[in-house]
Every structure is written in structure tokens, then in C-alpha cells.
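Every number in this text was worked out from the coordinates using simple rules, so none of it is lab data. Here the structure is a predicted model, which is why all the values come from computation and not from measurement. Heads up, the Cβs are rebuilt from the backbone with ideal geometry, glycines too, and the neighbour counts pull from every protein chain shown.
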Amino acid sequence: MTERKEITTIEEIKLLVDLFYDKVRRDPLLADIFNGAIKENWPLHLEKMYRFWQTVLLQEHTYHGSPFAPHAQLPVKAEHFDRWKQLFFETIDDNFSGEKAQEAKFRATKMAEMFQLKIAYIQQNY
């Protein structure tokens with residue numbers, strides 16, 4: 001079993017993001033959506049995710065932008081968000097512990113709820 005680490009540095013953020021998106025890229029439900037949207041731009045996407053989580057969890061403000069906009073037109077429903085959260089939580093629980101790990105799960109849950117509501121609204125009204 002992997003030693004569970006605290007999330008205290010950019011190195012742990014990068015490990016979290018890399019492990020999580022490795023799962024997403026191979027997941028039967030999510031892979032086509034993510035790979036289709038990101039295409040060959042995975043290195044750029046991962047860098048952006050490092051900065052996003054560094055800003056959220058470590059309060060080191062390196063992310064600038066609007067996280068929702070790139071997701072607005074994705075063909076996703078509740079089951080996609082549920083799977084995304086499941087993979088994210090598994091990644092956290094298998095590799096990390098402590099306050100920041102719990103905060104990451106809380107923040108991911110709130111972000112998924114907000115994105116899901118906004119995307120559903122867009123799909124119903126446009």
C-alpha cells in the first residue's frame with residue numbers, strides 16, 4: 001500500500017492531479033469526453049490543474065481564469081459527475097490524508113455540484 005501523504009506542497013498537488021487524470025483518461029465513462037475535449041493538450045491541461053489546486057488548497061495564487069467556461073458545452077450528466085467525484089475521492093483516499101485531503105474532497109464536491117447545475121441549465125435553455 002502507498003504511504004498516504006499530507007497535501008502541503010506543489011509536488012503533492014502534482015501527484016494528486018497526475019494520478020487522478022491518469023484514471024480519468026482510462027475510465028470507460030469519462031475517457032472519451034475528456035480526451036475528446038482536451039485532445040493533444042494534456043500537458044497544458046495538467047499544468048492548469050496544478051495551478052488551480054495549488055491556488056485552492058495551498059492559497060498560493062498561481063491560477064487565473066474561470067474554471068467553468070471550458071466545461072460549459074461538455075456532453076455530461078449526473079452520472080459523469082458522480083464518476084468524476086468517485087475517481088477523485090479514490091485518488092485522495094488511496095494516496096493522501098489530513099486536513100487538505102478532506103478540503104480537496106469538499107471543494108471537488110462543491111465544484112461538481114455547481115458545474116452540474118450550470119451545465120444542466122445551459123442544456124435545457126440553449
**Request:** Return yes or no: is Glu6 loosely packed, with under 14 Cβ neighbours inside 10 Å, acidic (Asp, Glu), in contact with a helix residue (DSSP H, G or I) (Cβ under 7 Å, 6 or more places away or on another chain) and over 24 Å from Lys118 (Cα atoms)?
**Result:** yes
Flagged pairs (Cβ under 7 angstrom, 6 or more apart or on separate chains; first in the stretch 76-97, of a type in the set (Ser, Thr, Tyr); second part of a helix (DSSP H, G or I)) are Thr91/Leu16; Thr91/Leu19; Thr91/Phe20; Thr91/Lys23
Filter the stretch 8-34 for residues that are in contact (Cβ under 8 Å) with a residue 40 or more places away in the chain and outside any helix (DSSP H, G or I); the one that is nearest to Arg51 (Cα to Cα) is Thr9
